[in-house]
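Accompanying notes for the structure given below.
Values quoted throughout were computed directly from the atomic coordinates according to the rules given, and no laboratory measurement underlies them. Just so we're clear, the structure is a prediction, and the values are computed from it rather than from any experiment. Every residue, glycine among them, receives a Cβ derived from its backbone with ideal geometry; neighbour counts consider all protein chains shown.
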Amino acid sequence: MIYHIIQPSQWQKVMDRDSYKPESLKTEGFIHCSSKTQVLPTAKLYFSEASELVVIGIVDKRVKNILKWEVSRDGEEFPHLYGPLPLSAVETMDMIMRRPDGEWEWV
């Protein structure tokens, strides 16, 4: 399972579509994803203004033709999707919330 972090308002807009094409697919050529252990550090680094986020769980076998693990931040490998995410590959939807101390936690 790989994970993608998305703002709740954005997720509401794409839930009824067949696929998800975030801006990064146009600007960078791929969709940023994380392993489960990378989710909270990624949220802390890139979503400093948010108080809650949706984390969608993607079955990696369902996106294997567009999935590449590549070295990124701090030399760590991250999963990237090189194409639109078919929403049929999404198996879970969880929330993370910012605690009063500023750290993120799974709800």
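Pairing the Cα long axis of helix 36-46 with the longest principal axis of the chain, what angle in degrees results, from 0 to 90 and rounded to the nearest 10?
Rounded to the nearest ten degrees, it is 70.
Can you give the longest run of the chain that contains no trypsin sites (Lys or Arg not before Pro) sitting in a DSSP loop with at most 16 other Cβ atoms inside 10 Å?
Details: sites that count: 17, 64.
The longest such stretch corresponds to 18-63.
Sequence neighbours fewer than 8 away in the same chain don't count; with that in mind, list the aspartates and glutamates whose C-alpha is under 13 Å from residue 61.
Reachable aspartates and glutamates: 91.
Of (1) 45, 32, 28; (2) 40, 35, 25; (3) 50, 35, 26, which one was derived for Cα extents along the principal axes in Å from the structure shown?
Structure-derived value, by its label: (2).
What ranking of 94, 60, 16 emerges when the number of other C-beta atoms within 10 Å of each C-beta is taken as an exposure proxy, fewest first? Show your work: numbers first, answer last.
Values: 94 13, 60 16, 16 7.
Lowest to highest Cβ neighbour count: 16, 94, 60.
Can you compute the label reach from residue 93? Point 7 Å from Cα along the Cβ direction, backbone N cut-off under 15 Å, restricted to segment 32-54.
53-54
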